Each structure stands twice: as structure tokens, then as C-alpha cells.
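Since the structure comes first, as C-alpha cells, the remarks are kept for the end.
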Amino acid sequence: AQAPSYVPSAGNTNPYSRRHAAQYVPPNAIDRGVAAEGASNPYIQNGLGVQQYGGSPDGSQFPGGTHHVPNGGGSAGAAPNMNPYGAQHAYGGPQPDMYGNFVPGQHHEPIQLELPTSPMFLEARRQPRRVLGSLYMPAQYRNYFQAQVVACHRQLQPDSPLLKYIPKQYNCAYPLDVADIPPDQQPVGLPAPVSISGHSFPYPTKVFKVSNTGDGHVYALRRVDKLRTTSEIVSTAYQKWKKVLHPGIVVLHRIFTQNHATFFVHGYHPGAVSLKQKYIDGSPHPIHEPVVWNIISGVFSAIFFVHRQGLALRCCNASRILVTGDSGRAFIGCVGVMDVLDHENKKSVEVLQREDLLAFGKALLCICSRTAVAASNVVQYLEIIQKHYSADLCGLIMTLVNFNRPQLKMEAVMQMIASRTVAHTSELYSYVDNLEYVLSVL
């Protein structure tokens with residue numbers, strides 16, 4: 001038998017057209033030069049609305065037979081629209097399956113070619129563009145780290161008169177005392193400017209955030225004027241505290257004298273404020289008890305570490321304990337300062353250690369009662385805070401400020417807060433795990 005041939009029809013010179021590629025010519029018609037258009041092509045729709053997909057016009061060569069098209073009846077040679085991106089498919093209507101067959105009763109949703117104009121979509125388009133590095137970090141972490149970067153890069157204007165207090169080896173200075181901050185840069189939520197350092201030490205002091213020109217690191221520089229001291233006193237105090245490293249203590253990096261002033265260089269914690277600033281002079285809302293226990297756990301851990309070294313902090317009041325954020329992350333600042341300012345103090349280490357506990361007990365009483373005068377009227381304000389806080393917290397404060405227990409040791413205090421410290425440690429582990437997970441997906 002002679003093999004069937006596919007030849008172009010008369011007048012069609014495009015070898016890639018549909019009619020050229022699909023034109024079926026029977027062998028006996030080649031000799032006659034005649035091709036049966038339409039009904040003899042198994043790939044196009046005939047005039048009766050029947051699409052033949054067999055091997056011959058009558059479907060006898062293959063058992064497929066014929067397939068009736070639902071919208072049949074078109075003109076001879078008119079094939080269905082097989083382009084899924086064509087006009088018929090874009091605007092609805094019958095759509096074929098992957099083989100080109102129409103499934104009766106199947107409904108297809110029209111393709112939406114226009115941009116949505118809903119308010120939510122328009123609002124999303126107004127959102128600022130984000131960089132790739134911010135796509136996977138939660139907003140609270142991103143804002144926290146950005147605030148730290150801003151605090152580290154903040155500095156005074158070049159013509160500021162406060163720059164005369166800064167030694168030449170430091171630059172990018174910015175005041176950390178509220179009274180020295182320019183009026184247009186005052187922190188929000190604090191009362192009228194009141195010098196923090198003026199009530200902390202018996203000498204006039206100023207504290208700045210500075211950057212060391214040698215190593216480029218950021219430090220907290222405290223300047224003390226009108227202080228008569230010697231290099232031996234300064235060296236003794238520095239040697240005592242330079243090796244005291246604890247996460248709850250602000251590190252002392254250097255002590256030096258220059259231009260008739262004494263300078264203390266401590267580590268800088270961006271955004272840190274004193275307990276007095278945040279909970280006494282700041283918002284009038286009462287402090288939550290879990291936050292108080294977080295402060296207690298951090299500060300007592302540092303006090304216990306220092307006392308085990310045979311030292312006394314002498315800076316455990318509300319003006320010298322720093323806190324960051326709203327969770328109660330606390331640091332003891334100004335270590336080593338009183339060893340230089342009050343070097344003539346002849347009290348024993350045991351007495352100074354008991355004064356550390358007494359000072360911290362008064363600081364807790366002040367932040368719980370939200371007033372600084374509570375330290376001078378302990379009994380009255382203890383009765384007030386008992387209405388708002390648990391018996392454990394009130395009992396701890398009462399033990400710390402009890403003048404009838406001069407031999408109170410840190411070990412006894414740690415036993416009183418053991419259960420709270422364990423809970424605080426569990427929270428810290430959860431926080432660290434969450435932070436590591438956030439950083440690992442970046």
C-alpha cells in the first residue's frame with residue numbers, strides 16, 4: 001500500500017502554517033491533484049461540527065471514532081482555539097483541557113488581566129521598599145538593633161561648647177546626662193531636664209558617649225572635676241576592677257587624669273538609662289512585678305560575684321544601676337568611681353558589702369513606690385507596696401533594709417530568691433534560643 005502523504009494545498013506557500021502542516025491528502029487523490037479540504041483533515045473541524053481524531057476521515061483506521069464539539073458547527077477548516085493565552089481563554093468561555101478536548105459542564109474562571117484596585121492593594125503599594133536583609137528579621141528585633149546603631153552614631157554639633165570637656169583622643173561625643181542634652185534632642189517621656197550625675201557623686205561630673213580614635217570602639221566617658229587625687233590612687237582602683245568581668249557589671253576599661261580632671265572609661269550600652277530615670281522620673285505607671293524580679297536577678301547575680309571576690313561595689317543605688325528595654329535587663333554602672341572619689345574611707349569590706357545590699361533594697365523600694373523619698377521613710381512605703389506586690393517581694397525588700405541585721409550575707413539573700421532566679425534563667429534560655437533562630441535564617 002502506498003504511504004499517505006502530506007503536501008501543501010494550492011496557494012499556501014508558508015511551510016509553517018497550520019493548513020500546510022495538517023493538510024491530509026489521500027494517496028489516490030495525489031494522482032488526480034485534488035485534495036479533500038475540511039472533511040478529509042483529521043486535525044481540523046469539519047462543517048458538521050465533528051472533530052475527527054482517527055487515522056482517516058471516517059475514523060475506521062483507529063478505534064477512536066469521532067468526537068462532537070459542544071460548540072460545533074463552525075466553518076470548514078476552523079480549528080478550536082488551543083492557545084491558553086488567547087482572547088477566548090482570557091475572558092472566559094469554554095476552555096479545552098491539556099489534550100485540546102472540551103469537557104462538558106466544566107466551568108473555568110476568567111483570567112484577571114487588570115491590576116486589582118482594592119484599598120488593601122493600594123495601601124500595600126504605598127509601603128516603603130525594604131532591603132533584602134530585612135525580609136526575614138522580625139520588626140521588634142530590627143527596630144532594636146537599628147536603635148542601637150543610631151545611639152552609637154549620635155554626636156554633638158562641631159560648634160557645641162560641650163566638646164571642650166572631651167580629651168583629644170576621643171571624638172563623636174554625645175552627652176548622656178539629661179541636663180546636657182540639647183533641647184531639640186531631649187528623650188521623649190522624661191520630665192524637665194534634671195542632671196542625673198549631679199545627684200550621684202559628691203563632685204561635679206559629666207558623662208558622654210565617645211569613640212576612641214585609636215581602636216574605633218564606643219565608650220562611656222565620665223569626667224570628674226575638682227578632684228584631688230594621685231596616680232597611685234588611680235592605678236590601685238583600676239587594678240582592682242579591670243579583671244572583674246560579669247554580664248551584670250559595666251566594664252571599667254581605663255582611668256586617667258588629664259587637664260586637672262579625672263576620667264573614667266566604661267563600656268557603653270546603647271539606650272541604657274538609670275532606674276531613677278525610667279521608673280521614678282519617667283512614666284507614672286506602676287512597674288510590673290516580673291520586671292522587678294528580672295532586675296533583682298540580674299543585680300543580685302552581679303553583687304554575689306563581686307562579693308565572692310572580696311570587693312564591694314558601692315554603687316547599688318537607683319541612680320547608678322542601668323536598665324535597657326522594658327524587660328528589666330539591668331547593669332551595675334560606675335564601678336571603681338567611688339574607690340577614687342572616696343579613697344579615704346576606712347570602713348571594712350564587710351560593712352561596705354552590707355551597704356551594697358542596703359542601697360539596693362532602698363532602690364527597689366523607690367522604684368516600686370515610684371518616688372525617691374521612699375528611701376527616707378521605709379516603714380510607711382513598705383505598707384504601701386504590700387497592697388500591690390507579692391509577699392515574697394515585700395519580704396525581700398524588708399530583709400534588705402532591715403537595720404537590725406548588720407551581718408546579712410549574700411548567701412542568705414540568694415536562698416530567698418532561688419526559685420525566682422531559676423524562672424528567670426529559663427526565660428533567658430528561651431530568649432537566646434529565639435534570637436539564635438532569628439539570626440540563623442538571615
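Remarks
- Within segment 376-394, being open to solvent by 30 Å² or more (accessible area, probe 1.4 Å), assigned to a helix (DSSP H, G or I) and not β-branched (Val, Ile, Thr) holds for Ser376, Gln380, Tyr381, Glu383, Ala391, Asp392.
- From the list Thr371, Thr324, the lone residue that is under 14 Å from Val299 (Cα atoms) and surrounded by fewer than 20 Cβ atoms within 10 Å (Cβ to Cβ) is Thr324.
- Tally of residues being open to solvent by 90 Å² or more (accessible area, probe 1.4 Å) and touching a Lys or Arg at 6+ places or on another chain (Cβ under 9 Å) across segment 139-182: 2
- Flag if Leu435 is surrounded by 11 or more Cβ atoms within 10 Å (Cβ to Cβ) and modelled with pLDDT of 90 or more: no
- Residues located in segment 409-430, provided they are open to solvent by less than 60 Å² (accessible area, probe 1.4 Å) and under 21 Å from Gln353 (Cβ atoms): Met410, Ala412, Val413, Met414, Ile417, Ala418, Thr421
- For segment 231-261, a residue qualifies if it is in a loop (DSSP other than H, G, I, E, B), open to solvent by 20 Å² or more (accessible area, probe 1.4 Å) and either closer than 28 Å to Phe304 by Cα or touching a strand residue (DSSP E or B) at 6+ places or on another chain (Cβ under 9 Å) (or both), and the qualifying residues are Lys242, Lys243, Leu245, His246, Pro247, Val251, His260.
- Being under 24 Å from the mean Cα position of the chain (by Cα) and farther than 23 Å from Leu162 by Cα is a condition met by at least one residue of segment 307-322.
- Of all residues in segment 199-215 being open to solvent by less than 50 Å² (accessible area, probe 1.4 Å), farther than 9 Å from Asp177 by Cα and not polar (S, T, N, Q), the one that is modelled with the lowest pLDDT: Phe201
- For segment 288-299, the criterion of being over 24 Å from the mean Cα position of the chain (by Cα), crowded, with 18+ Cβ neighbours inside 10 Å, of a type in the set (A, V, I, L, M) and farther than 16 Å from Arg222 by Cβ is met by at least one residue.
- All positions within segment 336-375 that are within 37 Å of the chain's Cα centre (by Cα), part of a loop (DSSP other than H, G, I, E, B) and within 21 Å of His307 (Cβ to Cβ): Gly336
Residue by residue, here is whether (1) among the polar types (S, T, N, Q); (2) touching a Phe, Trp or Tyr at 6+ places or on another chain (Cβ under 7 Å) holds:
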site	(1), (2)
Leu357	no, no
Ser376	yes, no
Lys387	no, no
Leu400	no, yes
Asn404	yes, no
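- Among the numbered conditions (1) touching a helix residue (DSSP H, G or I) at 6+ places or on another chain (Cβ under 7 Å); (2) among the hydrophobic types (A, V, I, L, M, F, W, C); (3) more than 18 Å from Cys334 (Cβ to Cβ), the only one that Ile303 does not meet is (3).
- The residue that is modelled with the highest pLDDT, among those in segment 158-180 that are touching a helix residue (DSSP H, G or I) at 6+ places or on another chain (Cβ under 9 Å) and in a loop (DSSP other than H, G, I, E, B), is Leu176.
- Selection within segment 395-430: residues that are charged (D, E, K, R) and assigned to a loop (DSSP other than H, G, I, E, B). The member of this set that is nearest to Ser348 (Cα to Cα) is Lys409.
- The set of residues in segment 395-408 being farther than 22 Å from Glu289 by Cβ and either without any contact (Cβ under 8 Å) to a residue 24 or more places away in the chain or loosely packed, with under 14 Cβ neighbours inside 10 Å (or both) consists of Phe403, Asn404, Arg405, Pro406, Gln407.
- Answer residue from segment 262-287, given it is more than 23 Å from Gln148 (Cβ to Cβ) and among the β-branched types (Val, Ile, Thr) and is most open to solvent (accessible area, probe 1.4 Å) among those: Ile280
The values are calculated or read from the model by the stated rules, or taken from the named source; none is laboratory data. Remember, it's a predicted structure, so these values are computed and weren't measured experimentally. Cβ: placed from backbone, ideal geometry, glycine included. Neighbour counts: every protein chain shown. Please note that ligands, DNA and RNA were not included when accessible areas were found on the heavy atoms of the full protein model with its side chains. Shrake-Rupley method; radii C 1.70, N 1.55, O 1.52, S 1.80 Å.
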